[in-house]
Each structure stands twice: as structure tokens, then as C-alpha cells.
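Working notes, beginning with the structure itself.
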Amino acid sequence: MKSKELVSKTKEELVGLMNDKKKANEEFRFKAVSGGIKNTKELRENKKDIARILTILNKK
């Protein structure tokens, strides 16, 4: 997600989105262990999105 999209969201939406990203990372790790992952960049993108969300939450 872009930072501009995240700035326009409320705190509750950002927290919900962050929780969704964390759950997606958790599921991604389980799939990686079982060998069912083809797109390995997804984990890195989710981590960056979480960092963006936390930065914006700290500014608000």
C-alpha cells in the first residue's frame, strides 16, 4: 500500500489493517515451511506495510 492511502484512514482502520497483515505473515510462514510458496517477496512487502502503518499511527 502507498503511504498516501494509509494517511487518509482512521486509527481503527489502520490497527485492523495491521492485524490483517500480521495474520497474513503468520500464514505465509506456515505455507513456506510446507513448501507451497511461489511468491517469496510477499513476506517482505507485508513487513514494509506494517512498518508504514506503525509510522503513521505514531504520527497520529
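The values are calculated or read from the model by the stated rules, or taken from the named source; none is laboratory data. Model, not experiment: these values are computed from the prediction. All Cβ positions, glycine included, derive from the backbone under ideal geometry; neighbour counts span all protein chains shown.
What the table shows:
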quantity	calculated
Filter result for residue 6 (surrounded by 13 or more Cβ atoms within 10 Å (Cβ to Cβ) and touching a residue at least 40 places away in the same chain (Cβ under 8 Å))	yes
Complete set of residues in region 28-43 that are surrounded by 10 or more Cβ atoms within 10 Å (Cβ to Cβ) and part of a helix (DSSP H, G or I)	28, 29, 30, 31, 32, 42, 43
Verdict on residue 15 being loosely packed, with under 10 Cβ neighbours inside 10 Å, among the hydrophobic types (A, V, I, L, M, F, W, C) and either assigned to a helix (DSSP H, G or I) or at pLDDT below 95 (or both)	no
Qualifying position, being basic (Lys, Arg) and modelled with pLDDT of 90 or more, among 47, 60	47
First in region 9-30 and more than 16 Å from residue 46 (Cβ to Cβ), second anywhere and surrounded by fewer than 13 Cβ atoms within 10 Å (Cβ to Cβ), Cβ under 7 Å, 6 or more apart	11/60
